[in-house]
Amino acid sequence: MKKVVLTILLLLVAVAGGFGTMTFREQYSGQIQRYQGQVDAAQADLDAAVADSQGIVPSDTAEAEARRIEQEQLLLEQAQGEADSLTAEGRDLDIAISAALEELAAAQTGEEYDYYKAAYDSYAEGRAQVERYLEDN
Amino acid sequence: MNAIWKTIDILLVLLAAAALLLCGFYYFQVASFEPDAYLSRASELTAQAENVRAETRRRQQEQLQQEDVLALELSKLGDNGAALQQQINDLRAENQEKQDYLAQLQQDTQDARNMRQVAMDEREAFANAIRRLEDKINAGETDVKICYWTFDDGPSYNTEEVIDAAREMGIFVSFFTAREANQNAPNDDPEAEKQVLRKMVMNGDSVCNHTWSHQYGVYGNVYGMGLDSFREMVKKQGDWIYECTGIQPDIFRFPGGSGWAFSFINREETEKILDELGYKWIDWTCDLIDNAIANPSADAAYSTAMYQIPQLKIAMILSHDWNYNSVQAFKRAVPELQARGYIFLPLFTQSWTFGNTQILFP
């Protein structure tokens with residue numbers, strides 16, 4: 001009889017132990033993972049900041065002077081390039097203006113052009129006259 | 001049997017022990033779990049990241065300052081730099097001027113190719129400006145007065161003299177032309193008449209329709225032969241004006257005036273025809289009374305003009321340039337009327353006078 005009771009008690013202890021173990025796991029493992037996630041994110045942030053800082057070199061007077069001279073030279077070369085480019089652009093514009101003048105001269109010839117141009121000038125003159133009266137009075 | 005029970009007991013004891021050990025393991029794990037430690041570690045790492053970033057910014061700033069120093073203006077790089085800078089500035093300014101000039105040339109070319117449309121747009125703007133001035137006069141907001149001097153039945157031998165005189169005096173007039181009017185001298189030569197009509201347009205004067213034949217008598221083909229004949233006489237003259245000038249006329253005056261016309265032809269039907277052909281019709285307010293029967297002297301015509309016109313702020317006078325006395329009166333009266341505040345303008349359909357013109361004189 002004693003053995004039966006003892007056996008049942010031991011069985012109950014084993015079952016209770018197993019149940020308690022499962023409960024603990026469920027309750028706390030999630031929390032631990034969340035906190036660990038925060039730590040991991042902070043670590044990743046730190047890694048990114050370190051990566052961003054790469055390539056930023058501390059100032060150095062000698063190096064700066066060398067770069068200044070190099071920059072001056074580069075600037076002069078760029079400026080000369082710009083001047084050459086503008087000169088070439090000016091030449092192209094001269095050519096375009098010559099062509100445009102020829103086109104204009106061609107468009108401004110002929111009886112019909114003279115006729116309507118004269119009419120236009122007359123209307124414009126008349127309108128200017130009327131608008132002076134509209135403004136003055 | 002006893003051996004079996006013993007085995008079961010041993011197994012149960014082992015099972016219970018294992019369960020208790022596991023319980024203990026998790027208990028201690030939970031007991032030692034400290035969320036603050038995780039949070040503290042995360043904060044520490046975040047602070048480190050912020051420090052690294054601050055340092056990065058500081059170095060970047062330092063580098064930028066160095067670059068600012070290096071980014072010198074050309075003008076500070078000695079004479080060569082200054083000269084180069086000046087050269088660039090001059091070239092930029094020159095090229096900008098050239099570009100502006102080129103754009104202007106291109107616009108002028110475009111306008112030249114579309115000169116007819118450009119002229120018609122300006123004509124429209126002129127007409128609208130005149131209408132605004134008329135409205136201002138009618139509202140009593142200005143002392144300026146307008147005279148529309150109209151010449152009927154031309155072109156005649158005197159028409160070019162009228163056009164030239166108007167040009168010389170800086171004024172505009174309107175011509176109600178009739179190809180086959182009796183006193184219409186240049187109609188012997190269509191090309192000569194065409195050039196006169198074009199001269200009217202070139203001087204900004206209005207070229208209006210006064211029918212082809214001007215036969216306005218009882219048996220004439222304008223009123224005496226039915227509305228189809230009337231329509232033909234109007235359309236034929238309009239087509240002729242368009243052929244000569246390139247501008248479709250849109251103002252019509254009845255030979256003899258509307259009162260005379262409507263005593264022969266039905267007003268409503270006549271107006272419908274004119275509307276279909278694209279015309280507005282108009283009479284006059286003042287009359288030089290220079291017809292062939294009255295045939296006044298130049299002095300008398302001048303006196304008539306100087307009596308009638310100053311009585312109206314917006315006057316429209318009827319005259320005929322085939323009568324040379326009228327031309328002389330016109331040339332004499334215009335400067336005096338100008339001195340009295342009149343300006344002489346061409347008639348356009350935008351004018352207030354349409355629908356507001358009644359024959360007041362005689």
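The values are calculated or read from the model by the stated rules, or taken from the named source; none is laboratory data. A quick note: this is a predicted structure, and the numbers were derived from the prediction, not measured. Cβ sites come from the backbone with ideal geometry, for glycine too, and all protein chains shown count toward neighbours.
Restricting attention to the stretch B:129-158, the residues that are among the aliphatic types (A, V, I, L, M) and part of a loop (DSSP other than H, G, I, E, B) add up to 2.
Scanning the stretch B:76-116 for residues being of a type outside the set (A, V, I, L, M) and either in contact (Cβ under 8 Å) with a residue 24 or more places away in the chain or over 26 Å from A:Ala96 (Cβ atoms) (or both) gives a total of 7. Across the stretch B:213-229, not a single residue is classified as within 17 Å of B:Tyr279 (Cβ to Cβ) and within 14 Å of another protein chain (Cβ to nearest Cβ). Would you check if there is a residue in the stretch B:113-134 being modelled with pLDDT under 95, buried (at least 17 other Cβ atoms within 10 Å of the Cβ) and over 29 Å from A:Leu134 (Cα atoms)? Checking the stretch B:113-134: not a single residue is modelled with pLDDT under 95, buried (at least 17 other Cβ atoms within 10 Å of the Cβ) and over 29 Å from A:Leu134 (Cα atoms).
Of all residues in the stretch B:62-71, at least one satisfies being of a type in the set (Gly, Ala, Ser), at pLDDT below 80 and over 30 Å from A:Ser122 (Cα atoms). Check whether at least one residue in the stretch B:76-95 is facing chain A (nearest Cβ under 7 Å), in contact with an Asp or Glu (Cβ under 7 Å, 6 or more places away or on another chain), in a helix (DSSP H, G or I) and of a type outside the set (Val, Ile, Thr), and report yes or no. The answer is yes, given that some residue of the stretch B:76-95 is facing chain A (nearest Cβ under 7 Å), in contact with an Asp or Glu (Cβ under 7 Å, 6 or more places away or on another chain), in a helix (DSSP H, G or I) and of a type outside the set (Val, Ile, Thr). Within the stretch A:89-101, can one find any residue that is closer than 15 Å to B:Asp108 by Cβ and not in a helix (DSSP H, G or I)? For the stretch A:89-101, residues closer than 15 Å to B:Asp108 by Cβ and not in a helix (DSSP H, G or I): absent. Contact map, the stretch B:7-32: residues that are closer than 24 Å to A:Tyr28 by Cα paired with residues that are of a type in the set (A, V, I, L, M), Cβ distance under 6 Å, separation 6+ or inter-chain. Pairs shown: B:Ala16/A:Leu10; B:Ala16/A:Val13; B:Ala16/A:Ala14; B:Ala19/A:Ala14. Taking the criterion of being modelled with pLDDT of 95 or more, surrounded by fewer than 22 Cβ atoms within 10 Å (Cβ to Cβ) and of a type in the set (Ser, Thr, Tyr), the residues of the stretch B:204-250 that qualify are B:Ser229, B:Tyr242, B:Thr245. Considering the stretch B:261-277, the residues that are over 20 Å from B:Tyr219 (Cα atoms) and surrounded by fewer than 15 Cβ atoms within 10 Å (Cβ to Cβ) include one that is farthest from the chain's Cα centre (by Cα), namely B:Glu268. Does B:Asp153 satisfy being farther than 29 Å from B:Ser263 by Cα and at pLDDT below 95? So B:Asp153 does not fit the description; no.
Would you mind finding the one in A:Ala49, A:Ala107, A:Ala128 that is at the interface with chain B (Cβ under 7 Å from one of its Cβ atoms) and either surrounded by fewer than 16 Cβ atoms within 10 Å (Cβ to Cβ) or within 29 Å of the chain's Cα centre (by Cα) (or both)?
From the options A:Ala49, A:Ala107, A:Ala128, the qualifying one is A:Ala49.
Among the conditions (1) under 30 Å from B:Arg132 (Cα atoms); (2) under 31 Å from the mean Cα position of the chain (by Cα), the only one that B:Thr159 does not satisfy is (2). Exactly one residue out of A:Leu93, A:Leu101 is at the interface with another protein chain (Cβ under 7 Å from one of its Cβ atoms) and surrounded by fewer than 16 Cβ atoms within 10 Å (Cβ to Cβ), and it is A:Leu101. Regarding the stretch B:23-40, can at least one residue be identified that is at pLDDT below 85 and touching a Gly at 6+ places or on another chain (Cβ under 6 Å)? The answer is yes; a qualifying residue exists. Among the residues of the stretch B:1-54, those identified as hydroxyl-bearing (Ser, Thr, Tyr) and at the interface with chain A (Cβ under 7 Å from one of its Cβ atoms) are B:Tyr26, B:Tyr38, B:Thr46.
Here is a check on your reading of the model: is B:Val162 closer than 19 Å to B:Arg253 by Cβ, of a type in the set (Val, Ile, Thr) and either away from chain A (no Cβ under 14 Å) or touching a residue at least 12 places away in the same chain (Cβ under 8 Å) (or both)? Yes; evaluated as a whole, the condition is true for this residue. The test for being within 30 Å of A:Ala124 (Cα to Cα), surrounded by fewer than 24 Cβ atoms within 10 Å (Cβ to Cβ) and in contact (Cβ under 8 Å) with a residue 24 or more places away in the chain holds for B:Arg198.
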